[in-house]
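Reviewing the structure listed below.
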Amino acid sequence: MPDPTPGNTLDHPTFAVVKEAFASKTFRATEFRGEASLIVEPGDLHEVLAFLKNDERCNYQFLSDVFGVDYLNYPGETPGRFGVIYNLCNYDNAARFFVKVYLDPSLPTDGIEEDPALYIDSVCDLWAGAEWPEREVFDMFGIRFRNHPDLRRILTWEDYPAHPLRKDYPVKGRGERETYRVVDRTDA
């Protein structure tokens, strides 16, 4: 795991454990302000997260959050347009560890067309609490989770015409709100 920041040492103990367990895989790792992040390839994500949960040296039993990020027009260089980040916690030693995966779309992102490049494996089989955060990432960013038990929109209606947290989605929307009936206090 090369350190992208010269002079910085990656001293989180989980880095060494993962490197030892997956010697044949390529990872990237960063630490920023004391927070450690492991960057994995999409195909390795589920295997690495299962290891981090089940290996007694890691023991990340709690998945605190799953969230998406759109890096469109990000000032620095990123390995992909979209990121999905997993926030893991080990309550035995108060350790927190982030696992990131980057995805690049293969189709234009201004609609809801299903993009085969925006698929990763669900971790609901590892942490049942991943079900709703994965649905939110799907709804807001259009990233789909293989083997998810109930992958459908959670914050917008089923026929919503886009994924609103993508940065190429207009801030004012595309006219979805103009069809709402205005409700005031006298209607209640």
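Counting only DSSP beta bridges whose two residues both lie in segment 13-187, roughly 75 percent are antiparallel. A Gaussian network model of the chain, with springs between Cα atoms under 10 Å, assigns the largest mean-square fluctuation among ARG144, ARG153, ARG28 to ARG28.
Here the contact order of the chain, divided by its residue count and restricted to Cα pairs under 8 Å and six or more residues apart, works out to 16 percent. P(r) tail, the chain: Cα-Cα pairs separated by more than 19 Å, 63% of all pairs.
Taking all Cα pairs closer than 8 Å and separated by 6 or more residues, the relative contact order of segment 77-176 comes to 20 percent. Sort out for me the Cα centre separation of segment 42-102 from segment 130-170, rounded to whole Å. Taking the Cα centre of segment 130-170 as reference, the centre of segment 42-102 is 19 Å away. Taking amide hydrogens as placed 1.01 Å from N in the peptide plane, the amide H of ARG28 sits under 5 Å from those of ILE39, each at least 5 positions away in sequence or on another chain. Using a Gaussian network model of the chain in which every pair of alpha carbons under 10 angstrom is joined by a spring, one finds that among PHE22, PHE141, PHE98 the greatest mean-square fluctuation is at PHE22. Each of TRP127, TRP157 was scored by other Cβ atoms within 10 Å of its Cβ. Arranged with the fewest first, they read TRP157, TRP127. Can you flag which of LYS25/LYS167; LYS19/LYS53; LYS53/LYS167 are past 27 Å Cα-Cα? Cα-Cα > 27 Å for LYS25/LYS167; LYS53/LYS167; rest within. A cut-off under 9 angstrom between Cβ atoms defines the neighbours of SER37, and their net charge, with Lys, Arg +1 and Asp, Glu -1, is 0. The charge dipole of the chain, taken about its Cα centre with unit charges on the Cβ atoms of Lys, Arg (+1), Asp and Glu (-1) only, comes to about 320 debye. Each stretch of four or more DSSP H residues adds -39500 (n - 2.57); spread over every residue of the chain, this sum gives -4500 deg cm²/dmol at 222 nm. GNM remark for the chain: springs join alpha carbons under 10 Å apart, and the peak mean-square fluctuation among SER106, SER122, SER37 falls on SER106.
Where a number appears in this text, it was derived from the coordinates with a stated rule and is not lab data. Not measured: the values here are computed from a predicted model. Every residue, glycine among them, receives a Cβ derived from its backbone with ideal geometry; neighbour counts consider all protein chains shown.
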